[in-house]
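Just so it is clear, none of the values below were taken in a lab; they were calculated from the coordinates. Owing to the predicted nature of the structure, the values given are computational and were not obtained by experimental measurement. Quick reminder, even Gly has a Cβ in these numbers, built from the backbone with ideal geometry, and neighbours come from all protein chains shown.
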Amino acid sequence: MESRGKTSFESEVKLLMYQFLQGVKHLHDLQMFHRDFKTENILLSSHGKLKICDIGMCHKFGFSLSTARMCSFTVVDMWSIACVMAMLLFAETFFKGISKLDQVIGNTGNRKWLITMGIQQYVPRPIPYE
């Protein structure tokens, strides 16, 4: 019985991801790059229809983009899409942190890298424990 429920859940995630990827393909075909995919920017109707919203960070590039240049722009969207799919499948938030920056550079190695690059003002300070 449990495996049947899991199969149903995975099928639902596959259907959502299919719709999501179709929407992303449409944006990319128009040479538009969302650059801010996250679960909060995906709407789902009561009929199961998925919509992509919050296109405030969306950027449209000219039609003269080479294939290599276009691929470099789509990498940001692809990373975000993979994160959304993982969050749907595992039902948990990845990259937890105390701030948006901490979510990105959360581990010590990344903090050291920022300090080495001379931008220590962006290094989040740990929360003191009481």
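Which links in K49/K96; K38/K96; K6/K38; K14/K96 stretch past 20 Å when you go from one Cα to the other?
Table pairs above 20 Å Cα-Cα are K49/K96; K6/K38; K14/K96.
Take each of the peptides 34-40, 52-58, average the number of other beta-carbon atoms within 10 Å over its residues, and list them starting from the highest.
34-40, 52-58
Only residues of the range 24-52 count here: report those whose backbone N is under 16 Å from the spot 7 Å along Cα→Cβ of M17, or say none.
Once the point is set 7 Å along Cα→Cβ of M17, 24-25, 38-39 turn out to lie under 16 Å by backbone N, inside the range 24-52.
Need one number: nm distance between label points at F9 and M78, each 7 Å from Cα along Cα→Cβ, rounded to one decimal.
Label at F9, label at M78, 2.9 nm between them.
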